[in-house]
Amino acid sequence: MNFAGILAGGVGSRMERSVPKQFLEIAGVPVVVRTLRTFLGAPQVDRIVLAMNPNWSGYCRDLLAKNGIDLARVDMIPGGETRFLSMAAVVDRCIAIRGADLSDGDLVCIHDCARPFVPPRIVADNFAMVADYDMVTTALPTIDTVVIAE
């Protein structure tokens, strides 16, 4: 079974908004909805484990239902105090879901919810590559120039 672990446990304190950044809208669609649609639309993904800030889980569940997200394929779990602990919680849930059926063929792709524009090709490439390696990551060449001025 292929899982997508979506990390959405942050509160977006640097954004200085009344809601965490995963709930902000881009062209009328909340970031969390955009991210989940990408992974739900990926044929490689069987199930999503969404690590959500527990204080926002009710709000998130309502938002997902309102936006037509297939909640039968999304397990929402409490996110951890750190990114690492949220990832560990995702892996623990994936193991619990598979139970005695857990095998080396079960794969988990971890993605930050606040990056909703991941192309489907990258999702497919990650699942394809992890079949041959224990772990993979996505990296893109930097083409931007950094200028420091006073």
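The values are calculated or read from the model by the stated rules, or taken from the named source; none is laboratory data. What you see is a predicted model; the values in this text were computed from it and never measured. Cβ: placed from backbone, ideal geometry, glycine included. Neighbour counts: every protein chain shown. Surface areas here come from the heavy atoms of the whole protein model, side chains and all, with no ligands, DNA or RNA. Shrake-Rupley method; radii C 1.70, N 1.55, O 1.52, S 1.80 Å.
For segment 63-150, the alpha carbon convex hull comes to 190 Å³ per residue, rounded to a whole number. Summarising the amide proton neighbourhood of Asn2: residues at separation of 5 or more, or on other chains, whose placed amide H is nearer than 5 Å comprise Asp46, Arg47, Leu107. Accessible surface computed residue by residue for the chain, with neighbouring protein chains in place and a 1.4 Å probe, gives 62 Å² per residue.
For the chain, the mean residue ellipticity at 222 nm estimated from helices alone is -9500 deg cm²/dmol, where every DSSP H run of n ≥ 4 contributes -39500 (n - 2.57) and the total is divided by all residues, rounded to the nearest 500.
Rolling a 1.4 angstrom probe over the chain with all protein chains present gives an accessible area of which 53% lies on carbon and sulfur atoms.
In a reduced charge model with +1 at each Lys and Arg Cβ and -1 at each Asp and Glu Cβ, the chain shows a dipole moment near 520 debye about its Cα centre. Please give the direction-averaged projected area of the C-alpha convex hull for the chain, in square nanometres with one decimal. The number I arrive at for the chain is 11.1 nm². Here the convex hull built on the C-alpha positions of segment 16-75 has a volume of 91 cubic angstrom per residue. Database remark: amide H of Met76 closer than 5 angstrom to the amide H of Leu50 (H placed geometrically; neighbours at sequence offset of 5 or more, or on other chains; Pro and chain starts carry no H). For segment 98-144, a/c is not less than 1.5, where a ≥ b ≥ c are the root eigenvalues of the C-alpha gyration tensor, and a/b tops b/c. That puts it in the prolate class.
Of the residues Glu150, Glu81, Glu25, ranked by 1.4 Å probe accessible area with the largest first, the sequence reads Glu150, Glu81, Glu25. Spin-label model, Phe117 to Asn67: label points 7 Å out along the Cα-to-beta-carbon direction sit 1.6 nm apart.
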